[in-house]
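A quick write-up on the structure given underneath.
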Amino acid sequence: MADLEPKPLNYEIENVLKKRKNNEDWANRRKEQFEQRVKKSKSDNFVIKKPEHFIREYRDKEADLITMKHRAKRPIKASTSPQSKLLFVIRIRGKNDMHPQTRKYLYSLRLRRIFTGVFVKANARVLETLQKVEPYVTYGYPNLKSVNELIYKKGLAKVNKQIYPLTDNNIIEQALAEHKIICIEDIVNEIANVGPHFKEVCNFLCPFNLNKPEKPLEGKKKAYRNGGDSGNREDQINEFISKLN
C-alpha cells in the first residue's frame, strides 16, 4: 500500500509549470500565425472596396461587352496565305474591366494570365476570336528564329498534370512518339510549319511565360495599326517577342 502515498508538492508544482509553458508556447504560435496572416494580407494589397467601386467596375464590364460585340461585327482583315498560317498570340492586359464573356474567349485561347503566349493556327475561327478580344492581346506571324527561341528558352510540357522543361527527349518521345515526334527539333519543325499534328503538339506545350517589358505598355487599349500595342502586328511581332523572351 506504499504506492498510495501522496506525491510530493514539488511534483504538483512541476506539472503546473509545465502546463503553463505549453499554454504559452501555444499562444506564441497562434500570435505568430496571426502576424503572418496580417503580413500576407498587407502584401496582397488587401483593400475594402466602396460601393461606387463596384458600380464603376460593373459599368466597365458592360462597356467591354458592348465594344466586343461591335468588334465582332467588323469584317476580318488578315492574311491567310501559306506563309502566315502560324500566329503567336500574347496577352497584354489584365482583368479588372473585363466582361466574363471576354474572359471566356481568352481562356479558350489558353491565355489565363498577362504576358503569356501561345501558338495558334490562323483559321477563320481563331481570327474571329482574336478580333473579339483585340484590346487584351497582341499577335502576329512569328518567324523560324522566334519559334526556335521560344521553344528552347521558354518551352514547358504538361504530362499527367505535371510540368516538365523541354530538356529530356524521353518525355517528348513518350507523349508524341505516335505522331513521329521524338525530340525538341521535331516540335520546332511541327510548330513552324503548322504540320499535321500541330494541335497535338500545342496541347503538349504549356502557354509560354514571357518576361514583362522593361518599359510599361502605354497603348494597350489602342490598336497597333493606330500607334498602340494591341491587335495584329504582322511580322513586327518578332521584335516584340525578342523583348519579352
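Readers should treat all values here as calculations from the given coordinates under stated rules, not as data from a laboratory. Since we're looking at a predicted model, the values are computed, not measured. Glycine also receives a Cβ, built like all others from the backbone with ideal geometry; neighbour counts cover every protein chain displayed.
³J(HN,Hα) across the range 140-149 via Karplus (A = 6.51, B = -1.76, C = 1.60, θ = phi - 60°), whole Hz, x for Gly/Pro?
Coupling constants for the range 140-149: x, 9, x, 8, 4, 4, 5, 4, 4, 5 Hz.
As an exercise, use a Förster radius of 35 Å and the Cβ-Cβ distance of residue 101 and residue 182 to find the FRET efficiency, rounded to the nearest 0.05.
Calculated value: 0.30.
Sort the range 79-152 into rounded, prolate or oblate with this rule: let a ≥ b ≥ c be the square roots of the eigenvalues of the Cα gyration tensor; rounded if a/c is under 1.5, and if a/c is not under 1.5, prolate when a/b is larger than b/c, oblate otherwise. Display every interim value, and only then the final one.
Values: a/c = 2.59, a/b = 1.48, b/c = 1.76.
The shape class here is oblate.
Let's test this: bin the Cα-Cα distances of the range 115-174 at 5 Å from zero up to the farthest pair and state each bin's percent.
4, 13, 20, 19, 16, 17, 8, 2
Of 199/222; 158/222; 85/212; 132/154; 180/212; 121/145, which pairs sit farther than 29 Å apart, going by alpha carbon to alpha carbon? Show your work: numbers first, answer last.
Details: 199/222 31 Å; 158/222 34 Å; 85/212 27 Å; 132/154 27 Å; 180/212 35 Å; 121/145 18 Å.
Listed pairs above 29 Å: 199/222; 158/222; 180/212.
Which whole-Hz couplings ³J(HN,Hα) result when phi for each residue of the range 204-217 is put into the Karplus expression 6.51 cos²θ - 1.76 cosθ + 1.60, θ = phi - 60°, listed in order with x for Gly and Pro?
My calculation for the range 204-217 gives 6, 7, 7, x, 7, 8, 9, 6, 6, x, 4, 9, x, 6 Hz in order.
Of 144, 156, 171, which is farthest on the positive side of the dipole of the range 108-204, counting Cα position, with +1 on Lys and Arg Cβ, -1 on Asp and Glu Cβ, and the Cα centre as origin?
Farthest along the dipole direction, towards plus: 156.
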